[in-house]
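The values are calculated or read from the model by the stated rules, or taken from the named source; none is laboratory data. Note that this is a predicted model, so its numbers are computed, not measured. So basically every Cβ, Gly included, is an ideal-geometry build from the backbone, and we count neighbours across all protein chains shown. Just so you know, the surface numbers come from the protein's heavy atoms only, side chains and all, with ligands and any DNA or RNA stripped out. Shrake-Rupley method; radii C 1.70, N 1.55, O 1.52, S 1.80 Å.
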Amino acid sequence: MERLRSSPLHANISTALDKHLESIHVVQARRKDEIVSASSRQRQGPPRCQDERVVLALAAALRTLCLATRKVRTVLWCAFQMTLPK
C-alpha cells in the first residue's frame, strides 16, 4: 500500500500489525503449553489446577488475539481507503 501511495503510512498501522503478529505468537506458545500439559496428564494422572491455568492462559491469549484482529482489520481498511485514488 505504501508503494501505491508513494508515501509512508501512519505509524499506528505498523504498530497494529506488529501487535497482531505478537498476539499470534503468544497464542501459538499457549497452545503448545496446553498440548504438553495434556500429554503429561495422560501419563501421570489428573492434576486439575495446573490444567485449568493452562487453559485460562490460552483463553486470555485468544481474547487478546481477537481484539488485535479487529483492530488490524480496521486499520487495514483505513489504509486501503487512503490508498484508493480520489
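In this structure the amide hydrogen of LEU9, modeled in the peptide plane, comes within under 5 Å of no amide hydrogen from residues 5 or more places off or on another chain. For ALA16, the shell of other residues with beta-carbons less than 12 Å away shows a net charge of +2, using +1 for Lys and Arg and -1 for Asp and Glu. Distance between the pseudo-spin-label points of LYS86 and LEU56 (7 Å out from Cα toward the beta carbon): 5.3 nm. Straight-line cross-link reach from LYS71 at under 15 Å between alpha-carbon atoms covers these aspartates and glutamates, not counting any fewer than eight positions away in the same chain: ASP18, GLU22. Only protein heavy atoms count here; under a 1.4 Å probe, THR15 has an accessible surface of about 60 Å².
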